[in-house]
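Everything below concerns the one structure shown next.
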Amino acid sequence: MLASALGFLIDVVFGLFTYSLLLRLVMQLMRAPFRNPLGQSVMALTDWIVKPLRKVLPGVGGVDWASVIAAYVFQFAWLLALYFAFGRGFALLGPGLAFVAVAALIALVKALLWLTIIVVFAQAILSWVAPDGPLAGVLNALTFPLLRPVRRLVPPIGGTLDLSPLIVIVVAQLVLITLVPWLEATATRFLL
């Protein structure tokens, strides 16, 4: 029972910062507004690490590399914390450290897919309940680039029922079910 509580605490602490950093990165890439409750919360949670890193890692090509590196560092630290709390299945030095480094990249891909699912789901629900709410602008900015290509292929049924959020969520789930386990198995095979 204590191990479950420790694992939960590690997941909450590292997950909060990793997902906040990823959300900050995606909001900047999609040019989503930060003047809303979500944007202000993300800034408050991540400024302490992103601003000092920007002095060393400036943004290039529209990508905030400070946010990318910070998210990777938190994901790497998350896996190390879980390893030190529970794992003794492999040696951390040598190929074990390379495995954790690659596993952190794969975990970030998985986190981005989950973030996509959550944001698209939230936007779909809020578009019915509160289409002009305080989060509408940021959610629309985050989801529009994903939904637009799908809407071109599958127009709304009857002019009102938009299936594009469902299709994006299903595709993201399929990637989680097929591609991510393949990446994990490949990394395990080559690095351990």
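The values are calculated or read from the model by the stated rules, or taken from the named source; none is laboratory data. These figures come from a predicted structure and were not determined experimentally. Note that each Cβ is placed from the backbone with ideal geometry, even for glycine, and that neighbours are counted across all protein chains shown.
If you go through segment 14-58, how many residues are within 25 Å of T116 (Cβ to Cβ) and assigned to a helix (DSSP H, G or I)?
Step one: list which residues in segment 14-58 are within 25 Å of T116 (Cβ to Cβ), which gives 14-47, 49-50, 53, 57.
Still in the running and assigned to a helix (DSSP H, G or I): 14-29, 37-47, 49-50, 53.
Adding up the residues that qualify gives 30.
Out of the residues in segment 22-73 meeting the condition of being farther than 19 Å from L142 by Cβ and within 14 Å of the chain's Cα centre (by Cα), tell me which one is surrounded by the most Cβ atoms within 10 Å (Cβ to Cβ). This residue is A70. Restrict the check to segment 162-173 and report whether at least one residue is out of contact with any strand residue (DSSP E or B) (no Cβ under 6 Å at 6 or more places or on another chain), surrounded by 11 or more Cβ atoms within 10 Å (Cβ to Cβ), at pLDDT below 95 and closer than 30 Å to L97 by Cα. Within segment 162-173 (the criterion being out of contact with any strand residue (DSSP E or B) (no Cβ under 6 Å at 6 or more places or on another chain), surrounded by 11 or more Cβ atoms within 10 Å (Cβ to Cβ), at pLDDT below 95 and closer than 30 Å to L97 by Cα), the answer is no, since none of the residues qualifies. Condition check for I177 on (1) surrounded by 13 or more Cβ atoms within 10 Å (Cβ to Cβ); (2) under 16 Å from I117 (Cα atoms): one failure, at (1). D11: within 21 Å of V119 (Cα to Cα) and assigned to a helix (DSSP H, G or I), yes or no? Judged against the criteria, D11 is a match.
Here's a check for you: in segment 1-21, which residue that is more than 17 Å from A104 (Cβ to Cβ) and without any contact (Cβ under 8 Å) to a residue 24 or more places away in the chain is surrounded by the most Cβ atoms within 10 Å (Cβ to Cβ)? Among those residues, the one meeting the criterion is L9.
For I69, indicate whether it is β-branched (V, I, T) and under 30 Å from I169 (Cα atoms). In short, yes.
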